[in-house]
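Just so you know, all these numbers are worked out from the coordinates, no wet-lab data involved. Just so we're clear, the structure is a prediction, and the values are computed from it rather than from any experiment. Positions of Cβ are backbone-derived with ideal geometry, glycine not excepted, and every protein chain shown enters the neighbour counts.
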Amino acid sequence: MVSPGQRQRHLDLGTGGGRGCEGASSGAVCLCLCRCPRPCGGGRVSPTELCTRCLEQVKRTGFLNAFVTVTEEQALRQASEAERRFLEGRSLTASPLTHRDRSPPPGKPRGPLDGIPFSVKDNFCTENIETTCASHMLKGYFPPYTATVVQKLLDQGAVLIGKTNLDEFAMGAGSTDGVFGPVRNPWSYSAQYRERPGVDPRSDWVITGGSSGGSAAAVASLGSFLALGSDSGGSTRNPGALCGLVALKPTYGLLSRHGLIPLVNSMDVPGILVRSADDAATALGVLRGLDVRDSTTIPPPAAPPHLPDDIDIARIRVGIPKEYHAPGLSAETLCQWGRVADLLERGGASVEQVSLPHTQHSIVCYHVLCTAEVASNMARFDGLQYGHRSEVNDSTEALYAATCHEGFNDVVRRRILAGNYFLLKRNYERYFMKAQKVRRLIAQDFARVFRDGVDVLLTPTTLGDAVRYCDFIQEDNRTRSAQEDVFTQPVNMAGLPAVTVPTALSSRGLPISLQLIGRASHDWQLLGVAKWLEQRLEFPAIQLPQDVSQAEREAGVPGRVRTSVL
Amino acid sequence: MWELRDVGVSPCSAADKEKVAEATTAPLDGLPIQTLSLFLCVCVCFTRASPQLVGVVGLEIHAQIYASTKLFSSSQVCFSSPPNSSVSFFDAALPGTLPVLNRRCVEAAVMTGLALGCTINKRSLFDRKHYFYADLPAGYQITQQRLPIAVGGRLSYSHLVGRKRNQVVDKNVRIKQIQLEQDSGKSLHDSYRSQTLIDLNRAGVGLMELVLEPDMSCGEEAAAAVRELQLILQALGTCQGNMSEGQLRVDANVSVHRPGEPLGVRTEVKNINSARFLARAIVPQLSPLTRLAIVFSQECFFTDYELQRQMAVVEGGGTVLNETRAFDFKSGQTVPMRDKEGLQDYRFMPEPNLPPLILYERETVPAHTDPRQVVLVDQLQEQLPELPRVTRDRLVTTYGILPEHSFTLVNEDGLVDYFVGVVQQTRAEPKKVIGWVLNDLLGLLKQQCLTVSQSPVSPNALAELLDLLEAGSISSPAAKLVLQELWKGSGKSAKQIVEEQGLGLMRDRSEIQQVCRRVIDSHPDEVSALRAGNKNVLNKLIGQVRKQTKGRADPQLVRAILEEELSRPPFHGETT
């Protein structure tokens, strides 16, 4: 049973403690708490209006290149269905709703996400909606089924706005290496960034981070309330951090991977990109659970329906892993790290330095394991059943070779080559086996710290704030991935939950975020601490210009928004 | 030294397996072991050609698991469904799909392991084996390379030797391991249009790969081992063992060495099942029995060819190369396979989408585990059916039949039950029953290519017939006539047939005497010859009496009367 009061809290999605309102200096978009649809009446914004506004915002910010496909027609249809449920639900307020109510009869709102616009990274399969992985290989691929996590959101009545841009097959840390071009960080066009001296909006736009950059940009630019990303080495947290979002990488196995086109199966998890810890908890509550189609899913732990408002962190032990004080860490991020540690200590938590001695080896091992699984996973893209098929058909082998060469970008091809090299019989023990052993040591590092009583670890998410695109592309993808994933991928190696929380704007006016790492299956505890911080950090909302089209003109790029053929 | 090779479905053999499954139609179940043995004689002779060198044969056998759905998906397993009609998203390797292990396949592998005395690994792992081939849509096969589900068993088999094929020789072959793995799809090459068509119905069907150590010395032993394994799998119900549908596929590793010396370099003879091509090509002129024999002795045939080849190489001072060879039907030789698959690096990797496969016993199941999610080894152990070897021993000790007869009974699907059914319902001795079952009934079945279950004569009917014989109501030749009548399936009982056709035994001595006299009178030449000392002619006269009495007279009595009549003075008849 859920009381009406609780039900109201379920609908806090997209509120970020009121940030949405303050940030909505744009007259066109105001997506905030007070306007969310409510099942019990009193909602000031109907699902259709909410959807329309999101779609308008997506179009207005098309120059960000956040979306690969916008599913406008379907979104409006879903929104009107949600609206019908809300209207009919007003006369049916007596019956309570629960999360378990998978397919309630029409005429009742389905839960906290009913009517809420969301976006999905374009590496989750969506039935009859093009799913490209931002690769030439899958252009024109319309999967015949929908990923479990996407289906769960649809079942809840959430409204799919579109599929978001990414690095090709999620291989990258900038969202710059997809076939549809780079994603622009919405903060590049915020008052906070642009109104600083010396910023040239035409050339000084910053990257979103990656690989789920499109999802992060969609939520940060107020085009969606929630977006799904994927996180294999930091691909959800990294863009979440650079775009000033709350981004959760859940415990491995808590969310089904069925329908997520894999990068590194043993590390991939669907990620949640939202604007507040409460929203993350709501989404996690809906998305978690065993899936018969994914043998690696785990029974979900008992979890509260929502995070409490008055969180007590007095009994929380916070570990500061000294190895995360890495070369290249920006002074501002280090400063935030100290600030937040102090904040926690003052709040009554015990803060202590801990050691995760094998961290330094993690990124190298991640590279070996990642490329090995990539080499294996990419073997199916031979052009026979689906996807791009080369015209070269002298022989089956020639067809394979030409298909892969034409279908994949350099980054993907290099990883395939490296991975196959590591898996060769003569190299297997030296590279793959050794990397697996070190992976175990890394996991044991975490296990030991948590066994010693530490509840959460506080670390930076990225080395610094978002870099300019023109600077980012000075280094190759491999180098950038190694730099950008340094704080995030050890968590994937160990399968632990981690959430990134924006703490402040840098001197450049760009978000700086910190990461909280928790025990396996303690995702809600982690989000509780994140919410406690959120309440005290007062991270500012993004201030997008009144006239976004001005920004578009200045950006000098035509918006690349495609509409689904549905 | 001998080691587990990277075999399984390789590009080249996959294509060949295809053609085989498409091409063959010969029914294989129920090959009489005598026929097989006779055929195998030839092979034994030529392996003994070189006394110094002995052959060493190991086998890798792929057995398709008898299950309604595939190993990692819920698509149906059906041999003859239209192309690509039984393909799930996972089978087609659509991106984002994940494997979900079929519990039935796990149980089948555990049961097979237990029946072969293997150690069941309570924790086993799945691996990916990579190679590019059009009928392997994911670009890798999921198998169990590192830690298979069962290891270290033993297959006991027997084969019959001696001039009469009636000496039973018991042999053992060690089983290295049993691993679960996926089958590949099928490629159909259309050389006319130079295109390849892919059928994924078979892609992902569960296989057990059984690795048999090189404990066999010739093709005959290999064939006997495979036959015994086939019987065991069929008894367990874990594999239907129908080779014509590719449910059982055999690769052989063959080498030669001098006893006491290390094993020689081995070659892998693939393509063995394609021997059925051979069978098909030459069979139409042959009787069904011979056809079966040829099909069945394929391991033997190939293996022994390859042994001979290697012996010739070694004795000629040459070196045997480590290579994969296939049988070339045109030349009747094994030839190196053109593909460089011997050099292929399969880039094995742990399958990340499947957690370790954990098996339990009743005692060790963790609390609150969903019973549908666990496989209990001890429970499966208790459910094991009687295995063929035990059945044979039981038949010999219980019914006093000859060991070689027990082989025939067990080899034929349903024949043991049939035999026991007859024995239980008749007063006739099992030793008599076995002759009727193996010679008369089985002969008729084979003549018409019928299985035991299709027999028009039920155990009940045969038992009644044998009771009449036992009671002395009919003679043995008359009984055979009755069986012929029963076979027509008129629905009449043996007793009715005897009565209607007047086949009852002639009890009146004078009546038989009259017939004998008529025969003597009408065969003066034979009688003269007899009197001149040619005793053999008596049989001819007995035959004449049998003919005239429709076999109703007791042959012993007929002989006595004839002898008695003939011992009287000549021209006796004329004087009366």
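Data overview
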{"item": "Calculated from backbone phi, Karplus (6.51, -1.76, 1.60) coupling profile of segment A:56-68 in Hz, x at Gly/Pro", "result": "4, 5, 4, 5, 4, 9, x, 5, 5, 6, 6, 10, 8"}
{"item": "Sequence-distant aspartates and glutamates (8 or more away, or on other chains) whose Cα lies within less than 18 Å of A:K152", "result": "A:E81, A:D101, A:D114, A:D122, A:E127, A:D279, A:D291, A:D294"}
{"item": "Computed FRET value (nearest 0.05) for A:F142 with B:S81, which takes r as the C-beta separation and R₀ as 25 Å", "result": "0.45"}
{"item": "Net lengthening on full extension, A:K434/A:E352 (0.36 nm per residue, minus Cα-Cα)", "result": "26.4 nm"}
{"item": "Residues of type lysines that A:K59 reaches as a straight line, Cα spacing below 23 Å, ignoring anything fewer than 8 places off in the same chain", "result": "A:K121, A:K139, A:K163"}
{"item": "Estimated inter-spin distance, A:T396 and B:Q167, nm [label 7 Å along Cα→Cβ]", "result": "4.9"}
{"item": "In nm, spacing of pseudo-spin labels at B:R518 and A:D155 (7 Å Cα→C-beta vector)", "result": "9.0"}
{"item": "Simple spin-label estimate for B:T364 and A:E475 in nanometres, 7 Å along Cα-Cβ", "result": "4.9"}
{"item": "Note, ³J(HN,Hα) from phi for segment B:412-424, Karplus 6.51, -1.76, 1.60, rounded to Hz, x at Gly and Pro", "result": "9, 4, x, 6, 4, 4, 4, 4, 4, x, 5, 4, 5"}
{"item": "Cβ-Cβ FRET estimate between A:A302 and A:S203, R0 fixed at 56 Å, reported to 0.05", "result": "0.60"}
{"item": "Above-threshold pairs, the threshold being 32 Å between Cα atoms, out of A:K437/B:K171; A:K322/A:K437; A:K434/B:K70", "result": "A:K437/B:K171; A:K434/B:K70"}
{"item": "Phi-based couplings in Hz for segment A:292-301 (Karplus 6.51, -1.76, 1.60; Gly and Pro marked x)", "result": "4, 8, 10, 5, 9, 6, 10, x, x, x"}
{"item": "Amide H within-cut-off set for B:T69, under 5 Å, with H built and near neighbours excluded", "result": "B:V77"}
{"item": "Straight-distance crosslink candidates among lysines, where the alpha carbon sits under 27 Å from B:K446 and sequence neighbours closer than 8 are dropped", "result": "B:K164, B:K431, B:K432, B:K480, B:K488, B:K492, B:K495, B:K550"}
{"item": "Cα gyration tensor category, rounded, prolate or oblate, for chain A with a/c compared to 1.5", "result": "rounded"}
{"item": "Computed E for B:R509/B:N460 - FRET, C-beta separation, R0 30 angstrom, nearest 0.05", "result": "0.30"}
{"item": "Cβ-placed point charges (K, R +1; D, E -1), dipole of chain A about Cα centre in debye, nearest 20", "result": "780"}
{"item": "Long-range HN-HN contacts of A:A504 with modeled amide H, under 5 Å", "result": "A:I512"}
{"item": "Residue-averaged beta-carbon neighbours from other chains (10 angstrom radius) around B:348-355", "result": "6"}
